[in-house]
């Protein structure tokens with residue numbers, strides 16, 4: 001109720017009469033203009049490396065040393081055909097999509113199941129379970145790569161179908177990290193759904209499985225979309241494990257295969273085709289992003305707010 | 001992480017809040033029998049059938065290899081799964097077990113295994129048991145002596161001629177029998193499995209690809225290094241078509257628990273505390289074995305001056321990098337989000353799409369692109385500004401460069417998240433403060449910012465934890481460099497994790513044990529920092545609720 005005693009004239013909607021003529025442009029700048037300035041600067045910052053990639057992709061010479069921010073020596077699509085002719089890019093692309101698609105779907109499923117249990121049920125070891133999920137995440141998993149290597153050497157001997165150089169082995173390995181942060185994010189979202197929903201469903205005779213699949217899952221779609229997207233991006237970009245795991249040219253993922261393009265003597269010459277590969281790799285992510293866009297902001301926020 | 005007595009753990013749970021617990025379950029059990037849906041039943045049958053199928057498929061190779069422990073484990077897991085999903089009890093476990101199985105097999109187990117190696121000297125030269133080391137020493141010392149048996153040699157492989165693991169196909173000149181040998185030993189092949197040319201050279205063998213002369217000479221180094229242990233010594237190649245069975249010059253003597261060289265008479269005594277054979281003058285044989293070394297790997301970080309000095313610097317830079325990456329992206333992301341968060345603002349959707357483009361680009365590729373943009377001779381940055389700075393060649397420019405790259409990669413995410421959080425802050429709050437006479441800056445500082453921080457602090461903490469171990473950000477750009485002239489293992493932009501990676505897999509001999517010790521350090525640091533900050537955010541009660 002103290003609002004009225006303040007100095008109401010200076011700030012609010014109706015401007016003071018005396019100071020009108022001079023700072024009209026300034027006022028526009030103070031209210032809206034600076035916002036555009038910041039946004040434009042940020043967009044420039046965001047876009048200039050991408051413009052560079054685009055220019056490199058269209059550069060007819062295809063070398064790093066001849067690439068400028070704006071293509072000056074003409075435009076050609078020679079790098080595209082060269083990429084497909086000289087490398088197994090199409091194969092890598094399919095491998096990556098397969099692994100990332102499967103791994104993100106499966107990891108959503110696994111963590112949604114776990115998050116439901118953590119959010120809606122009370123059982124012994126619940127608190128310990130949640131904390132250990134958090135703790136395990138903090139161990140740099142790839143340092144366990146020696147152990148993983150030893151494990152999968154045995155696995156390759158016994159079951160070659162899920163051993164080294166197979167997408168299934170890598171998929172299994174990625175599933176090891178499916179719980180963890182995702183579960184926390186989803187549990188936070190589950191917690192925001194009112195308990196009355198499932199209580200009334202229980203009264204109506206629904207089983208726990210029916211509550212989960214019919215009631216909860218549709219309601220948590222935004223967070224499923226977000227964790228799915230994060231898992232997809234994470235898997236597409238995963239380099240280290242895949243690099244140890246996949247050594248056959250045919251079985252490589254995009255990250256491993258493309259890393260090889262910029263190694264050694266060919267680094268300068270391959271820059272053009274590498275740029276094409278980068279742009280093509282972005283396509284699936286952009287598509288998934290567009291597809292899930294309406295969920296993204298609300299999902300990220302809810303996850304953020306609830307931890 | 002002690003259990004606080006007032007915490008909302010499982011014990012003090014009010015009965016009314018129990019949603020789908022076990023007690024109502026039992027009461028409903030009878031009625032549930034009737035209402036179990038057809039789809040549910042079908043799904044159960046299909047999934048359990050799949051489990052059974054996979055188990056049977058996995059069992060055959062285990063039986064064949066006589067891995068009984070593995071088979072027992074497999075059977076127990078399968079039986080456990082069947083029990084769990086056929087009983088009506090243990091409802092939470094039904095939801096937790098699928099993810100937990102993978103977690104235990106591919107994360108917990110490898111991590112525990114790695115942690116346990118921190119207390120050993122596991123690494124190059126210390127991989128196997130003492131017996132393995134003795135065999136390795138003996139086979140390495142094999143020499144051709146007068147009277148050594150000679151064999152006709154054919155080099156073959158089971159895989160690709162250029163990369164597959166090599167084997168020797170040797171023909172005994174006396175009997176004409178053919179044997180196949182690799183580092184594990186010699187095995188006789190039946191006469192119907194091989195085709196032998198006159199002179200004893202094998203031209204074809206079932207299951208093997210014989211290398212032609214060109215292929216073999218391309219891999220002559222590997223062929224020279226391949227030693228096939230035999231009963232009397234070992235087989236080695238002499239050229240590409242002859243092999244000899246030499247005798248070991250060095251042998252283990254159980255009496256003195258030492259290795260004795262029969263030519264020179266020198267002895268190397270076994271030292272159980274370091275896992276190696278040491279001569280009286282301190283000379284150490286390269287092949288040792290794995291032993292427990294207690295806390296020596298940990299104390300080495302603190303006491304070895306070559307390690308502790310750079311280690312502290314790396315630790316400080318690691319913190320600076322994680323805080324700088326998180327803070328920088330947060331500040332820029334929030335600033336842009338604030339700029340776009342206004343009803344007067346037009347074109348926000350277009351801005352948003354353009355701003356988050358970096359987020360959609362594959363980060364591993366963009367890191368490599370950034371690395372080349374910082375190239376001294378023809379990188380974009382130097383070209384644009386007409387500079388000729390060797391960005392990755394100097395400590396501070398390299399550090400600034402990786403932070404800039406991190407900013408570019410990370411801020412779109414923070415922008416997205418901050419946008420969402422800003423939209424969740426009720427407009428009434430800022431309106432009320434401006435009615436009260438607060439300037440926009442004041443209302444931002446005392447209303448918007450605190451609310452934003454509360455909403456985003458869990459994310460900031462996890463971003464910190466992620467960046468603390470951001471391997472790709474360094475490995476794909478500077479690779480840890482620039483390195484000081486006197487220390488090629490620890491560069492100016494090295495994070496603990498890239499430093500550890502170099503220790504474990506670097507060129508100068510793998511030190512897995514020491515690397516594991518450092519990863520335990522990293523783990524402790526990140527866990528403590530995260531735990532403390534989670535506590536301070538006061539969001540914990542809500543998180544556990």
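The values are calculated or read from the model by the stated rules, or taken from the named source; none is laboratory data. Nothing here was measured: the structure is a model prediction, and the numbers come from that model. Because the Cβ atoms are built from the backbone with ideal geometry, glycine has one as well, and the counts that use them run over all protein chains shown.
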### Among the candidates B:95, B:113, residue that is in contact with a helix residue (DSSP H, G or I) (Cβ under 7 Å, 6 or more places away or on another chain), under 21 Å from residue A:134 (Cα atoms) and surrounded by 18 or more Cβ atoms within 10 Å (Cβ to Cβ)
B:95
### Query
Which residue out of B:457, B:519, B:446, B:463 is modelled with pLDDT under 80, in a helix (DSSP H, G or I) and on the phi < 0 side of the Ramachandran plot?
B:457
### Query
Which condition number does residue B:476 fail, the rest of (1) within 11 Å of chain A (Cβ to nearest Cβ); (2) surrounded by fewer than 21 Cβ atoms within 10 Å (Cβ to Cβ); (3) at pLDDT 85 or above; (4) within 30 Å of residue B:524 (Cβ to Cβ) being met?
(2)
### Message
Criterion first (assigned by TED's automatic domain parsing to the domain that holds residue B:313, in contact with a helix residue (DSSP H, G or I) (Cβ under 7 Å, 6 or more places away or on another chain) and under 14 Å from residue B:321 (Cα atoms)) does residue B:456 satisfy it?
### Response
no
### Filtered residues of region B:67-86 (kept if outside any loop (DSSP other than H, G, I, E, B) and within 9 Å of chain A (Cβ to nearest Cβ))
B:70
### Query
If you check B:177, B:203, B:171, which single one turns out to be over 21 Å from residue B:245 (Cβ atoms) and more than 42 Å from the chain's Cα centre (by Cα)?
B:203
### Query
Can you pull out the helices (runs of 4 or more DSSP H) entirely within region B:87-161 that have at least 2 residues that are more than 17 Å from the chain's Cα centre (by Cα) and under 30 Å from residue B:501 (Cβ atoms)?
B:91-103, B:130-140
### Query
Got a number for residues in region B:384-406 being within 13 Å of chain A (Cβ to nearest Cβ), surrounded by fewer than 20 Cβ atoms within 10 Å (Cβ to Cβ) and touching a helix residue (DSSP H, G or I) at 6+ places or on another chain (Cβ under 9 Å)?
2
### Message
So for region A:105-119 (the condition being surrounded by 18 or more Cβ atoms within 10 Å (Cβ to Cβ), more than 26 Å from residue A:229 (Cβ to Cβ) and at the interface with chain B (Cβ under 8 Å from one of its Cβ atoms)), does at least one residue qualify?
### Response
no
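Please pick out the residue among A:206, A:255, A:231 that is more than 10 Å from chain B (Cβ to nearest Cβ) and surrounded by 16 or more Cβ atoms within 10 Å (Cβ to Cβ).
A:231
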### Task
For region B:168-182, indicate whether the set of residues that are loosely packed, with under 14 Cβ neighbours inside 10 Å and modelled with pLDDT of 80 or more is non-empty.
no
### Query
Being over 25 Å from the mean Cα position of the chain (by Cα), under 26 Å from residue B:524 (Cβ atoms) and in a helix (DSSP H, G or I), is that true of even one residue in region A:128-143?
yes
### Query
residue A:62: at positive phi and outside the structural domain of residue A:270 (by TED's automatic domain parsing), yes or no?
yes
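Yes/no per residue for (1) within 30 Å of residue A:170 (Cα to Cα); (2) modelled with pLDDT of 85 or more; (3) more than 10 Å from chain B (Cβ to nearest Cβ):
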{"site": "A:7", "(1), (2), (3)": "no, no, no"}
{"site": "A:21", "(1), (2), (3)": "no, no, yes"}
{"site": "A:38", "(1), (2), (3)": "no, yes, no"}
{"site": "A:41", "(1), (2), (3)": "no, yes, no"}
{"site": "A:78", "(1), (2), (3)": "no, no, yes"}
{"site": "A:92", "(1), (2), (3)": "yes, yes, yes"}
### Message
When you scan region A:177-194, do you find a residue that is out of contact with any helix residue (DSSP H, G or I) (no Cβ under 7 Å at 6 or more places or on another chain) and not in a helix (DSSP H, G or I), even just one?
### Response
yes
### Task
Please list, ordered by first then second residue, the pairs with beta carbon atoms under 6 Å, 6 or more apart or interchain, first in region B:401-429 and within 16 Å of residue B:323 (Cβ to Cβ), second modelled with pLDDT of 80 or more and surrounded by fewer than 20 Cβ atoms within 10 Å (Cβ to Cβ).
B:403/B:324; B:407/B:328
### Answer residue from region B:435-467, given it is farther than 30 Å from residue A:136 by Cβ and surrounded by 19 or more Cβ atoms within 10 Å (Cβ to Cβ) and is nearest to the chain's Cα centre (by Cα) among those
B:448
### Summary
Of (1) under 30 Å from residue B:512 (Cβ atoms); (2) away from chain A (no Cβ under 14 Å), residue B:127 satisfies every one except (2)
## Note on the structure
Among (1) at pLDDT below 85; (2) closer than 30 Å to residue A:246 by Cβ; (3) surrounded by fewer than 21 Cβ atoms within 10 Å (Cβ to Cβ), residue A:164 falls short only on (1)
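Only strands (runs of 3 or more DSSP E) wholly contained in region B:239-344 count here; list those with 1 or more residues that are in contact with a strand residue (DSSP E or B) (Cβ under 6 Å, 6 or more places away or on another chain) and more than 30 Å from residue B:216 (Cβ to Cβ).
Of the strands (runs of 3 or more DSSP E) lying wholly inside region B:239-344, those with at least 1 residues that are in contact with a strand residue (DSSP E or B) (Cβ under 6 Å, 6 or more places away or on another chain) and more than 30 Å from residue B:216 (Cβ to Cβ) span B:250-253, B:258-261, B:267-271, B:276-279.
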### Message
Yes or no: region A:148-160 includes at least one residue that is surrounded by fewer than 21 Cβ atoms within 10 Å (Cβ to Cβ), assigned to a loop (DSSP other than H, G, I, E, B) and within 11 Å of chain B (Cβ to nearest Cβ).
### Response
yes
### Query
So which residues in region B:308-353 are free of Cβ contacts under 8 Å to residues at least 60 places away in the same chain and surrounded by 19 or more Cβ atoms within 10 Å (Cβ to Cβ)?
B:339, B:351
### Task
Kindly indicate whether residue A:138 is within 7 Å of chain B (Cβ to nearest Cβ), buried (at least 22 other Cβ atoms within 10 Å of the Cβ) and in contact (Cβ under 8 Å) with a residue 24 or more places away in the chain.
no
#### Entry: Filtered residue count, region A:181-195, keeping only those that are under 20 Å from residue A:235 (Cβ atoms) and buried (at least 22 other Cβ atoms within 10 Å of the Cβ)
5
### Odd one out for residue A:72 among (1) within 14 Å of chain B (Cβ to nearest Cβ); (2) touching a residue at least 40 places away in the same chain (Cβ under 8 Å); (3) within 29 Å of residue B:377 (Cα to Cα)
(2)
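If you check B:372, B:377, B:271, which single one turns out to be surrounded by fewer than 16 Cβ atoms within 10 Å (Cβ to Cβ) and within 12 Å of chain A (Cβ to nearest Cβ)?
Just a single option satisfies the conditions, and that option is B:377.
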